Amino acid sequence: MKILLTHLYFLEEDKAEQKIMKPYPPMGLLYIAAFAEKNNIKTEIIDNTFSNKTEFKKQLNNLKPDVLGVYLNFKTRRNFIEISKYIRNNENLKNTKIIIGGPDVKYNAEKYILHNADIMVIGEGEKTFVDIIKSDFKINNIPNIAYFDKIDNKIKLTEESNFLDINELPNPTRNKIDINKYLKVWKEFHGYNSIAISTMRGCPFSCKWCSKAVFGKSYRRRNVKSAVNEIVGLKNTYEFDYIWFVDDVFTIDKKWLNEFNQELKNENLKIKYECISRADKLDNETIDLLEKTGCYKIWIGAESGSQKILDAMDRRVKIEQVIDAINYCKQKNIETGTFIMFGYPKEKIKDINLTIKYLKKAKPDSVLTTNTYPIIGTDLFNQIKEKIFNFDWENVADADLIFEKPYSNKFYSYANAKLHAEVNLSKLALKKYFSKKGIILIIKSIYYRFKMIKEKYAN
C-alpha cells in the first residue's frame, strides 16, 4: 500500500506570510509519519510549502498513492476542494482513499464528505491514522472518525476515545522533508534561523475565540528527558540559531521548567529559544527559570488593554498581570511580544484607547495585531453566528468571515496605525519627542485619530 501524507498550504498563495517569511515545517504530518513508522507502516510526505498546485498534481499522478492523508485548516479548505475534485476526476487516481485531519475537520465533517473525503480523523491523528491503515479500512469500530456509511446511507461519527500518552510519540521525522529549505529562507530574510519543537499538547484555558478542535482542553507534557534528547539530536543534525517552542502555554508547569533547567545543565546544553505564555503563568520565579534556560523572547497573550473585553473573551487574566510580567522580563533581558485583537464584540473606542494606554505603559518589544474572526466551532463563532453576513463555507475562510462589529474594517486599520504610532512614540526618550522621528509619529497619531473619528461617523 502506497501511503502519501501532505498538506495544502502553498507559500506562494499567502501574501501576508510573504511579507514576514518565517515559515515552519508541517509538524503534524511529521508526527504522523513517525508514529506510522514506529508501527511498521511506510509513508511518504509531500511538503507543499515551497511548491504550487500544478507541481503537486504532477506528483500525485506520478506517485498514484493508494492512500492520501491530508492535514487541513480553514486556510487550506478551498485548496482541498479543488484537489479532491481533481483526484476524483482523474482515472489514475480514482481508487485513492482520501483521509483528512486537522482543526477544520471536526465541525465540518458533513461538508468534507460532500467534497470527496473518505474518512475524517477527528482530533489527534497519530493513533487513529495507524488504526485505519492496520484495519485495511474496516473502520466501523475505530474511534475518533467520521465517514459515510454506504449501507445505512448516512454519515457516521464513531465514539471519542482518550488521547494517547504523549511520551509514546517518537520524535517527528524531519528527515522526510527538506528542513534546510526553511532554515535557508529564515537566514536569507532575517540573518538568523529557527527550528520548531513541541513539548506539550493542548491548552486547559477557556478563551472563547480559540479552537480546541484537535486537542480539546487537555494538557499533556512530554517528560523533560525526551524533550532535551530531541534538542540534542537536532543540534547534531542541523545548523540553527534559535528554537521556537510551539506550545500554547510553555510556562504552564513550573515543576517541568525546573526539571528542564536541570537537564540542560546535566547535558551542558546552552540554547536560545522563543515561546508563548499567559501572564498568570509568569510569576517572577518562572521568569527567572526562563532566563536560566535560554529564553530570549516570550510572547504574552493580552489581546486587549480593556478588562471588559478580556472578561468577555473569558481570558481570566488581569491587565496588571500582563504589565508586571513584561516589566520583569525586561529586568531579565528577555524580549517581550504581545498580541492585540481588534473588533471583538462590544469593543468601543474607549476600549481601544485603553489598549493603547496599556501598551504605552508596558512597552513590549513587539506588538502583533489582528482583527477578530470567528473560527467555526469556537464559543465566539456560536455567539455571533447569526450576525455573520458572508457565511459561504466553500469559498470563504473563517478569517475572512464578516460579522456585525461596532466599526468598519477601515476604522480598525486606522486604529491599528494609531496604536503603532503612539506605542513607538512612547518608547522614545523625552528629549527625542520633538526629533524628526518623534514629530512624524505625533503627526501620524493625530492623523489616524482624525481618520478613526471620521470613519466612525461615516457609518
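Rundown of residues vs (1) under 30 Å from residue 382 (Cα atoms); (2) modelled with pLDDT under 95; (3) part of a strand (DSSP E or B); (4) not basic (Lys, Arg), yes/no style:
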position: 185; (1), (2), (3), (4): no, no, no, yes
position: 195; (1), (2), (3), (4): no, no, yes, yes
position: 203; (1), (2), (3), (4): yes, yes, no, yes
position: 212; (1), (2), (3), (4): yes, yes, no, no
position: 215; (1), (2), (3), (4): yes, yes, no, yes
position: 218; (1), (2), (3), (4): yes, yes, no, yes
position: 227; (1), (2), (3), (4): no, no, no, yes
position: 233; (1), (2), (3), (4): no, no, no, yes
position: 236; (1), (2), (3), (4): no, no, no, yes
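Restricted to the stretch 314-335, and to residues there that are of a type in the set (Lys, Arg) and within 24 Å of residue 204 (Cβ to Cβ), the residue that is most open to solvent (accessible area, probe 1.4 Å) is 316. Which members of the stretch 193-230 meet the condition of being open to solvent by 60 Å² or more (accessible area, probe 1.4 Å) and either of a type in the set (Asp, Glu) or more than 16 Å from the chain's Cα centre (by Cα) (or both)? Within the stretch 193-230, 219, 223, 225, 229 qualify.
Looking across the stretch 274-296, the residues that are part of a strand (DSSP E or B) and open to solvent by 20 Å² or more (accessible area, probe 1.4 Å) come down to 274, 276, 296.
Looking across the stretch 1-39, the residues that are charged (D, E, K, R) and assigned to a helix (DSSP H, G or I) come down to 12, 13, 15, 17, 19, 37, 38. What about residue 181, is it of a type in the set (Lys, Arg) and exposed (fewer than 12 other Cβ atoms within 10 Å of the Cβ)? In short, no.
For the stretch 302-313: of the residues being open to solvent by less than 10 Å² (accessible area, probe 1.4 Å) and either out of contact with any Asp or Glu (no Cβ under 9 Å at 6 or more places or on another chain) or of a type in the set (A, V, I, L, M) (or both), which is nearest to residue 336 (Cα to Cα)? Going through the qualifying residues, I end up with 302.
Does the stretch 369-389 hold any residues that are open to solvent by 40 Å² or more (accessible area, probe 1.4 Å) and either within 22 Å of residue 413 (Cα to Cα) or outside any helix (DSSP H, G or I) (or both), and which are they? Of everything in the stretch 369-389, those that are open to solvent by 40 Å² or more (accessible area, probe 1.4 Å) and either within 22 Å of residue 413 (Cα to Cα) or outside any helix (DSSP H, G or I) (or both) turn out to be 369, 370, 371, 373, 387, 389.
When you go through 410, 418, 437 one by one, which is the residue that is more than 20 Å from residue 373 (Cα to Cα), in a helix (DSSP H, G or I) and open to solvent by 70 Å² or more (accessible area, probe 1.4 Å)? Every option except 437 fails the conditions. Of the residues in the stretch 339-362, at least one is acidic (Asp, Glu), open to solvent by less than 80 Å² (accessible area, probe 1.4 Å) and either on the phi > 0 side of the Ramachandran plot or assigned to a loop (DSSP other than H, G, I, E, B) (or both).
The values are calculated or read from the model by the stated rules, or taken from the named source; none is laboratory data. Every value quoted in this text rests on a predicted model; they were computed, and no experiment measured them. With ideal geometry, Cβ positions are generated from the backbone for all residues, glycine too; neighbour counts draw on all protein chains shown. The protein model used for the area step is the full one, side chains on, heavy atoms only, and it has no ligands, DNA or RNA in it. Shrake-Rupley method; radii C 1.70, N 1.55, O 1.52, S 1.80 Å.
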